[in-house]
Amino acid sequence: MNSTGDDGYVTTTSGISQTRLVDGAGWLLPDFETLFQDEFADTILSIASDAIMQSQSLVTTPCTVAKTELLWNYRPLWLVLSYSLGVVFMALAVVMGIFAYKFNGYGTDMSFSSILVTTRNKDLDALAEGSCLGNTPLPKHLTEERLRFGELRDGGRDGDVKHTAFGLYEHVSPIKIGALYS
């Protein structure tokens with residue numbers, strides 16, 4: 001129950017405020033920590049000493065006990081076979097990774113920075129003009145354009161160093177292994 005006093009403050013008179021942890025005005029008492037521990041101990045002792053929590057009568061009844069036992073069926077052939085297949089597939093993946101690294105001449109990842117640096121070129125900027133925020137639906141000319149990843153023709157900045165990126169199909173040539181790219 002709540003009531004508003006003359007001073008405008010709401011006074012709560014519900015059971016939650018009727019505890020020895022607060023004073024008559026509803027403020028916590030100065031030694032709250034000690035009082036809280038005592039209140040908790042009293043509550044636990046009251047519950048534990050309640051007659052309903054104790055056995056009231058002795059009852060004899062039949063009881064069935066079941067025991068479950070876990071048995072393992074161990075076959076060494078299947079264990080060796082499964083581990084061997086795992087090792088073979090792992091070795092195959094490593095060999096494929098080494099081959100890809102050797103063939104490409106570099107390693108990469110799918111981080112935002114890697115994607116950003118491989119998508120920068122003047123042709124794509126001109127193609128995406130007016131749609132740079134990725135608004136949907138994209139204009140038809142964007143979705144139908146053929147793109148390719150490789151060495152940009154006329155993409156060198158210093159004359160000797162070429163630039164690789166996604167670009168229009170007709171303006172991109174294959175990457176040359178061992179070439180220096182910016």
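The values are calculated or read from the model by the stated rules, or taken from the named source; none is laboratory data. Treat the numbers as computed from the prediction; the structure is a model and nothing was measured. Neighbour counts are summed over all protein chains in view; Cβ atoms, including those assigned to glycine, are modelled from backbone coordinates with ideal geometry.
Restricting Asp42, Asp50 to residues that are within 30 Å of Thr19 (Cβ to Cβ) and exposed (fewer than 10 other Cβ atoms within 10 Å of the Cβ) narrows the list to Asp50. When every residue of the stretch 133-140 is checked against the conditions, none turns out to be in contact with a strand residue (DSSP E or B) (Cβ under 9 Å, 6 or more places away or on another chain) and assigned to a helix (DSSP H, G or I). Residue-level analysis places Leu77 among those that are of a type outside the set (D, E, K, R) and modelled with pLDDT of 80 or more. Just so you know, in the stretch 163-182 the residues that are more than 15 Å from Thr119 (Cβ to Cβ) and small (Gly, Ala, Ser) include one that is modelled with the highest pLDDT, and it is Ser173. Asp160 meets the conditions (1) exposed (fewer than 10 other Cβ atoms within 10 Å of the Cβ); (2) modelled with pLDDT under 75; (3) under 29 Å from the mean Cα position of the chain (by Cα) in every case but one. The failed one is (3). Filtering the stretch 82-133 to residues that are touching a residue at least 60 places away in the same chain (Cβ under 8 Å) and among the hydrophobic types (A, V, I, L, M, F, W, C) leaves only Phe103.
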